[in-house]
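Structure, as structure tokens:
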Amino acid sequence: MLTDFINIEIDLALYYLLDFMIAVALLSAMRMLAGLVSNVSATAEIAQNDNKAFGVSLAGAMVAVSIMLMGVVSGDAGYSLVNEAFTVILFGLIGIVLMWLTRIVFDRVSFPDLSIQQQIMQGNMAASIIDACNMIATAIIIKGAMIWVDGGLDMAIMAVIASFIASQVMMSLATLYRVKVFERRHQGKELHTAIEENNVALALRFSAYRMGVAIAVSAAFTAVDYAPDALVTVFMLWFAVALALFVLLTLVAIVIRHGVLHGVNIGEEVGQQGNIAVGVIEGSIYIVVGLLLSGLIGA
């Protein structure tokens, strides 16, 4: 029969529908939540003020929460529709809270002299791109942890919290590296100043690097077997592997960059001239390397 070739359990159709409806409801509510966090009307910012930066940031938050929800709905269905609904709603709300927290960490740890939220409200597209991709990168790592963990609700919540903390450490290291590279290329000029100047090319490259790191770091979950009786040990091992992949991605990307952008003064083109073409090409290299590492480890 043709149904023998379809890898979808028809008996779970109600669970699929329920998960989808909850996800749609959560994502629909995020517009209102975004307005509350920013203390503005989301509708006014999008439709009346035509604040493109606000729209990009909100879109990034929606994508990030959706990625996290993938980690919830991709597991085994709950033992009842009520249990399934509770689990999906719980992790959806946790995801929204974590996306809010990662913005705070980014503002106060990575760029303490720059208010991303304030820049977004002023229509700064560079800041909104960084904000959106920051949330997506964090969600990629958390989703990997949720799929990796095999256990009950309490174990899943612990994995989400631990992976969130680890993701912030990794993302902060990635930011620190890019800050140092920028300062070296531009004789002491600070990266956050360039963001305030709305350098979109720089924001694209910076964000792509952090997303590439997130993809590679998330792949480390595949390389380490989950063991509930040795949770601390496996998480430490995962962190070590993730850190190694982070370094490997950076080194491999440097080699590829010299080949692809040979003869191009990247610092001048991106940092000074705001050349989006060069910024996007260099940024794509980081994502490509992250995807390749993820594919190789997951093979």
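Remarks
- Segment 51-204: Rg to Rh, with Rh as the Kirkwood radius over Cα pairs: 1.05
- Largest to smallest principal axis extent of the C-alpha atoms in segment 104-148, angstrom: 39, 20, 11
- Segment 203-299: C-alpha pair distances exceeding 19 Å, %: 46 percent
- Förster-model FRET efficiency, 35 Å R0, residue 16 and residue 233, C-beta, rounded to 0.05: 0.45
- Looking at segment 141-256, the accessible area is 42 square angstrom per residue; that uses a 1.4 Å probe and ignores ligands, DNA and RNA.
- Two-decimal log10 I(q)/I(0) for segment 135-226, as the Debye equation yields it once each C-alpha is a single scatterer, q = 0.18, 0.22, 0.23 Å⁻¹: -0.80, -1.02, -1.08
- Annotation for segment 120-205: trypsin sites (Lys or Arg not before Pro) lying in DSSP loop with at most 13 further Cβ atoms inside 10 Å of their Cβ are 189.
- Max-minus-min Cα coordinates of segment 86-176 on each principal axis give 43, 27, 16 Å, with the largest extent listed first.
The values are calculated or read from the model by the stated rules, or taken from the named source; none is laboratory data. The model shown is predicted, which means the values in this text are computed figures rather than measured ones. Glycine also receives a Cβ, built like all others from the backbone with ideal geometry; neighbour counts cover every protein chain displayed. Ligands, DNA and RNA are excluded from the accessible area calculation, which covers all protein heavy atoms including side chains. Shrake-Rupley method; radii C 1.70, N 1.55, O 1.52, S 1.80 Å.
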